[in-house]
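Working notes, structure below.
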Amino acid sequence: MSSLFDVPVPAIGPGAPYQLLFDDDDRSGPGLPPEIQAIYGGDWRIAPAPADRPLVVTNFVASHDGRISFDLPKHSGGGSVSRGVPHDTWLMGLIRARADAILTGGGTLRVARKHRWTPATVFPAAAETYAALRRAERKAVFPLLVVLSKRGDLPADAQALASPDQPVLIATTAAGAQQLRASLGPRPQIDYFVSQGDTVDLRALLQSLRRRNGVQHLLSEGGARVYGALIAAGLIDETFLTLSPIVVGNPPTPAAPRTSLVEGVAFEPDDPPRFRLISLRRHGDYLFQRVRFSS
């Protein structure tokens with residue numbers, strides 16, 4: 001296989017390879033080129049999508065005590081939990097690079113108004129690495145950005161909604177779509193998926209993404225409530241989880257509890273959702289899990 005890259009492996013990665021501890025992936029889908037395998041410590045094969053929706057993968061970083069945010073001003077994102085370690089951000093960019101579309105919530109967009117949901121945004125040094133991988137896998141230059149907003153209260157100045165080179169699909173309700181069309185005005189790169197009622201129908205949205213937009217591989221970067229809703233609906237296939245060695249904790253009587261990995265849904269002890277560990281990698285005190293949910 002000819003090389004996709006014209007730069008040495010260390011220059012396109014986080015500085016040192018991941019240490020592979022365990023890999024039990026039995027899928028035979030498209031894998032990574034050798035240059036990226038040398039960094040990642042092995043392969044990652046993408047399973048075929050289900051017949052009626054995309055394959056749905058999500059990515060989180062969590063603390064030792066299972067928190068994904070400090071929920072404080074300027075410390076609400078995962079970067080404060082991961083401490084910005086390059087092995088987490090490089091992997092985040094790689095996961096984005098293999099996605100046809102990226103799903104996020106309106107709350108995340110309101111907090112991260114200057115963020116772009118592209119691979120290179122999180123690890124700029126590997127921009128050409130990610131671009132070469134997308135070309136090799138015959139993907140569009142940028143993933144489709146899918147934003148969930150049932151009320152339509154998205155900031156008009158969010159950079160992700162103002163960039164003409166990245167297509168956006170806003171999944172909302174009829175009332176939300178009316179508000180968004182008035183507040184955003186005509187933006188050729190933005191389309192809408194409108195659900196009936198007062199919530200966004202996630203299953204119908206995923207079916208539409210597969211049927212109308214040709215999305216085979218969807219990365220969910222929604223928060224804990226989106227993750228919980230997808231798990232409850234049986235719509236999550238795999239999760240990448242970086243385990244950070246810090247402890248976030250929770251105030252004893254919190255007015256705003258610090259967010260855990262899953263919020264907004266509770267499961268019964270007799271039959272909770274469960275997953276199978278596919279691979280485990282390490283760098284320093286950080287662990288990088290990949291898990292696959294059982295049917």
- [ ] Report, by residue number, each residue of the range 162-220 that is touching a Lys or Arg at 6+ places or on another chain (Cβ under 6 Å) and basic (Lys, Arg).
- [x] ARG210
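So is LEU161 more than 17 Å from GLY106 (Cα to Cα), open to solvent by less than 30 Å² (accessible area, probe 1.4 Å) and out of contact with any Ser or Thr (no Cβ under 7 Å at 6 or more places or on another chain) or not?
Numbers: more than 17 Å from GLY106 (Cα to Cα): no; open to solvent by less than 30 Å² (accessible area, probe 1.4 Å): yes; out of contact with any Ser or Thr (no Cβ under 7 Å at 6 or more places or on another chain): yes.
No; evaluated as a whole, the condition is false for this residue.
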Task: Identity of the residue in the range 259-271, surrounded by 12 or more Cβ atoms within 10 Å (Cβ to Cβ) and without any contact (Cβ under 8 Å) to a residue 60 or more places away in the chain, that ends up nearest to ILE68 (Cα to Cα) - done: VAL262
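Okay, residues lined up against (1) closer than 23 Å to ASP26 by Cβ; (2) more than 14 Å from the chain's Cα centre (by Cα):
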position	(1), (2)
LEU219	yes, no
VAL226	no, no
ALA229	no, yes
GLU238	yes, no
SER244	no, yes
ARG258	no, yes
PRO272	no, yes
LEU280	yes, yes
ARG292	yes, yes
Open item on the list: Considering only the range 71-91, I want to know if a residue exists there that is open to solvent by 50 Å² or more (accessible area, probe 1.4 Å), part of a strand (DSSP E or B) and farther than 30 Å from ARG27 by Cα.
Closed with: yes
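Restricting the range 194-241 to residues that are part of a helix (DSSP H, G or I) and either of a type in the set (D, E, K, R) or open to solvent by 50 Å² or more (accessible area, probe 1.4 Å) (or both), which is nearest to LEU145 (Cα to Cα)?
From the range 194-241, those part of a helix (DSSP H, G or I) are 202-213, 224-232; that's our starting set.
Checking the rest, the ones that are also either of a type in the set (D, E, K, R) or open to solvent by 50 Å² or more (accessible area, probe 1.4 Å) (or both) come to 203, 207, 210-213, 225, 232.
On the way: ARG203: 17, GLN207: 16, ARG210: 14, ARG211: 16, ARG212: 15, ASN213: 12, ARG225: 18, ALA232: 23 Å.
Restricting to residues being part of a helix (DSSP H, G or I) and either of a type in the set (D, E, K, R) or open to solvent by 50 Å² or more (accessible area, probe 1.4 Å) (or both), the top hit is ASN213.
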TODO: Considering only residues that are in contact with a Phe, Trp or Tyr (Cβ under 9 Å, 6 or more places away or on another chain) and of a type in the set (D, E, K, R), look in the range 214-264 and name the one that is farthest from ILE278 (Cα to Cα).
DONE: ARG258
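Tell me the residue from ALA126, ALA112 that is farther than 30 Å from GLN37 by Cβ and not hydroxyl-bearing (Ser, Thr, Tyr), please. Quick ask: steps written out before the conclusion?
On the way: ALA126 fails: farther than 30 Å from GLN37 by Cβ.
Only one candidate qualifies: ALA112.
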- [ ] Check whether at least one residue in the range 272-292 is without any contact (Cβ under 8 Å) to a residue 40 or more places away in the chain, out of contact with any strand residue (DSSP E or B) (no Cβ under 6 Å at 6 or more places or on another chain), at negative phi and among the aromatic types (Phe, Trp, Tyr), and report yes or no.
- [x] no
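So how many residues does the range 18-38 have that are closer than 15 Å to HIS283 by Cβ, at pLDDT 95 or above and outside any loop (DSSP other than H, G, I, E, B)? Walk me through it before giving the result.
Just the residues of the range 18-38 that are closer than 15 Å to HIS283 by Cβ, to begin with: 18-22, 38.
Then drop every residue that is not at pLDDT 95 or above, which leaves 18-22.
From the residues that got through so far, the ones that are outside any loop (DSSP other than H, G, I, E, B) too are 19-22.
Of the residues in that region, 4 qualify.
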- [ ] Using the structure shown, decide if LEU94 is closer than 24 Å to ASP285 by Cβ and either open to solvent by less than 70 Å² (accessible area, probe 1.4 Å) or part of a loop (DSSP other than H, G, I, E, B) (or both).
- [x] yes
TODO: Kindly check whether there is at least one residue in the range 98-106 that is open to solvent by less than 20 Å² (accessible area, probe 1.4 Å), modelled with pLDDT of 95 or more and assigned to a loop (DSSP other than H, G, I, E, B).
DONE: yes
Open item on the list: Cβ-Cβ under 8 Å, sequence separation 6+ or interchain: first residue in the range 109-129 and surrounded by 17 or more Cβ atoms within 10 Å (Cβ to Cβ), partner assigned to a helix (DSSP H, G or I) and acidic (Asp, Glu). Which pairs?
Closed with: THR129/GLU35
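Taking the range 164-174 as the search range and keeping residues that are modelled with pLDDT of 95 or more and open to solvent by 30 Å² or more (accessible area, probe 1.4 Å), which one is nearest to VAL215 (Cα to Cα)?
Here is the first cut: in the range 164-174, the ones modelled with pLDDT of 95 or more are 167-174.
Cutting the leftovers down to open to solvent by 30 Å² or more (accessible area, probe 1.4 Å) gives us 167, 174.
On the way: PRO167: 13, ALA174: 24 Å.
Among those residues, the one meeting the criterion is PRO167.
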Open item on the list: Whether any residue in the range 203-218 is free of Cβ contacts under 8 Å to residues at least 60 places away in the same chain, among the basic types (Lys, Arg) and touching a helix residue (DSSP H, G or I) at 6+ places or on another chain (Cβ under 9 Å) is what I want to check.
Closed with: no
- [ ] Within the range 175-192, identify whether any single residue is open to solvent by 50 Å² or more (accessible area, probe 1.4 Å), of a type outside the set (Lys, Arg), at negative phi and assigned to a strand (DSSP E or B), and answer yes or no.
- [x] yes
TODO: Out of ILE36, ILE68, ILE46, ILE95, report the one residue that is farther than 24 Å from ILE236 by Cβ and aliphatic (A, V, I, L, M).
DONE: ILE36
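The values are calculated or read from the model by the stated rules, or taken from the named source; none is laboratory data. In this text, all values refer to a predicted model and were calculated from it rather than measured experimentally. Glycine also receives a Cβ, built like all others from the backbone with ideal geometry; neighbour counts cover every protein chain displayed. Please note that ligands, DNA and RNA were not included when accessible areas were found on the heavy atoms of the full protein model with its side chains. Shrake-Rupley method; radii C 1.70, N 1.55, O 1.52, S 1.80 Å.
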